[in-house]
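Novice: First, the structure itself, so that you have it in front of you.
The values are calculated or read from the model by the stated rules, or taken from the named source; none is laboratory data. Every value quoted in this text rests on a predicted model; they were computed, and no experiment measured them. Backbone-built Cβ (ideal geometry, glycine too); neighbour counts: all protein chains shown.
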Amino acid sequence: MPGDPPSGTPLWEAVGRARMFDLAQPMRTGMPQSANHPPFRMTPERRHGDLVRPDGGSAANEIIVTGGHVGTHVDALAHVSQDGLLHGGRPAAGLASHQGFAELGIDAFAPYAGRCVLLDVAAVHGVATLPPGYEITAGDLERAAGRLEIREGDAVLVGTGWSRLWDDREAFTGRRGGAPGPGAAAGRWLAGRRPRVVGGETIAFEHIAPGRGHATLPVHRILLVEAGVNIVETMRLAEVLDSGAREFLLVLNPLPIVGATGAPVRPLAFAD
């Protein structure tokens, strides 16, 4: 792929020369998120001066409370079931306990560092941001891919431009007009390429029709339950979309919270 270091070039030197893109949204109290999940909260617990050591030193700290599916995060395969079954036909009830899931939790996600293909569907339609409630089709993905080959085991990100709306909570969450995302046919198109992971900018990697909310999530079923493909949501893709980079190195390593159905992540992209 473009950007492969010349033979003999140390990997760290090649990465050091690349442009780095931080694909995580900043986590703060009150940030946009799905109403289906516990919110993120950060509260200072100790202020400088509350405790002063004999040498004059002082430290501050905080308490962080968060759901596993707020901010930029990875969905574990245990996140969604269909008719009581998880990926591979595993009974969800038999794997769950007060300690979370014995299998398919986010701690089972092996860190990803490899090729990533970015499909800019907004650019296909000549806009920076797709309209609310737009359903991405398999044809949209074909056009966005163009001559880029998607290989088995790649990461595939779908660009909608939605991360540009991050500071408008009402618009970003799609409460009024819905949010753009892949419909079921596009989900099957993605699953058929057998990627390692897929991701996007919205709080749910789905077509959210106006007024429908998260009533049904067929793409989650297709990818997580049927295909065993993890999903990254609420990514910050605007900068890399504007850069024109369409294939790059992606490093993805969510917090290994044992038994959890998802966890925050700070994805990094390295492009020529």
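Novice: Within the stretch 63-88, take every residue that is touching a Pro at 6+ places or on another chain (Cβ under 9 Å) and at positive phi and give me the one that is surrounded by the fewest Cβ atoms within 10 Å (Cβ to Cβ).
Specialist: Gly84
Novice: On the given criteria, is Arg41 surrounded by fewer than 10 Cβ atoms within 10 Å (Cβ to Cβ) and of a type in the set (Lys, Arg)?
Specialist: no
Novice: Which residues, taken from the stretch 93-142, are in a helix (DSSP H, G or I), in contact with a strand residue (DSSP E or B) (Cβ under 7 Å, 6 or more places away or on another chain) and farther than 25 Å from Gly183 by Cβ?
Specialist: Answer for the stretch 93-142, where residues must be in a helix (DSSP H, G or I), in contact with a strand residue (DSSP E or B) (Cβ under 7 Å, 6 or more places away or on another chain) and farther than 25 Å from Gly183 by Cβ: Leu95, Ile106.
Novice: Condition first: assigned to a loop (DSSP other than H, G, I, E, B), at pLDDT below 95 and out of contact with any Pro (no Cβ under 7 Å at 6 or more places or on another chain). Can you find one or more residues in the stretch 216-225 that meet it?
Specialist: Among the residues of the stretch 216-225, at least one is assigned to a loop (DSSP other than H, G, I, E, B), at pLDDT below 95 and out of contact with any Pro (no Cβ under 7 Å at 6 or more places or on another chain), which makes the answer yes.
Novice: Let me ask something else. Report whether or not Gly8 is modelled with pLDDT under 95, part of a loop (DSSP other than H, G, I, E, B), surrounded by 16 or more Cβ atoms within 10 Å (Cβ to Cβ) and not charged (D, E, K, R).
Specialist: No: the conditions fail for Gly8.
Novice: Can you find a residue in the stretch 185-193 that is outside any helix (DSSP H, G or I) and modelled with pLDDT of 95 or more?
Specialist: Yes, some residue in the stretch 185-193 is outside any helix (DSSP H, G or I) and modelled with pLDDT of 95 or more.
Novice: Here's something else I'd like to know. In the stretch 48-73, how many residues are part of a loop (DSSP other than H, G, I, E, B) and closer than 22 Å to Pro38 by Cα?
Specialist: 7
Novice: So Ala60 ticks every box in (1) among the aliphatic types (A, V, I, L, M); (2) surrounded by fewer than 14 Cβ atoms within 10 Å (Cβ to Cβ); (3) within 25 Å of the chain's Cα centre (by Cα); (4) at pLDDT 95 or above but one. Which box is left unticked?
Specialist: Result: Ala60 passes all but (3).
Novice: Something else: All but one of (1) in contact (Cβ under 8 Å) with a residue 60 or more places away in the chain; (2) within 16 Å of the chain's Cα centre (by Cα) hold for Val225; state the number of the condition that does not hold.
Specialist: Val225 satisfies all of (1) in contact (Cβ under 8 Å) with a residue 60 or more places away in the chain; (2) within 16 Å of the chain's Cα centre (by Cα) except (2).
Novice: Out of (1) over 15 Å from the mean Cα position of the chain (by Cα); (2) within 17 Å of Met27 (Cα to Cα); (3) surrounded by fewer than 21 Cβ atoms within 10 Å (Cβ to Cβ); (4) at pLDDT 95 or above, what's the single condition that is false for Leu165?
Specialist: (3)
Novice: Return the pair list, or none, for Cβ contacts closer than 6 Å from residues in the stretch 188-200 that are within 25 Å of Phe172 (Cβ to Cβ) to residues that are at pLDDT 95 or above and assigned to a helix (DSSP H, G or I), at least 6 apart or on different chains.
Specialist: So the pair list comes out as Val198/Leu190.
Novice: So which residues in the stretch 173-197 are surrounded by fewer than 24 Cβ atoms within 10 Å (Cβ to Cβ), farther than 23 Å from Gly153 by Cβ and touching a strand residue (DSSP E or B) at 6+ places or on another chain (Cβ under 8 Å), if there are any at all?
Specialist: Those that are surrounded by fewer than 24 Cβ atoms within 10 Å (Cβ to Cβ), farther than 23 Å from Gly153 by Cβ and touching a strand residue (DSSP E or B) at 6+ places or on another chain (Cβ under 8 Å): Thr173, Gly178, Gly183.
Novice: While we're on this one: Is there any pair linking a residue in the stretch 143-164 that is within 16 Å of Pro131 (Cβ to Cβ) to one that is acidic (Asp, Glu) and in a strand (DSSP E or B), with Cβ under 7 Å and at least six apart or on different chains, and which?
Specialist: What qualifies is Gly159/Asp120.
Novice: Go through the stretch 74-92 and report how many residues are among the small types (Gly, Ala, Ser) and either assigned to a loop (DSSP other than H, G, I, E, B) or without any contact (Cβ under 8 Å) to a residue 12 or more places away in the chain (or both).
Specialist: Number of matching residues: 4.
Novice: Moving on. Which of the residues that make up the stretch 226-239 are acidic (Asp, Glu), outside any strand (DSSP E or B) and over 19 Å from Glu103 (Cα atoms)?
Specialist: Glu239
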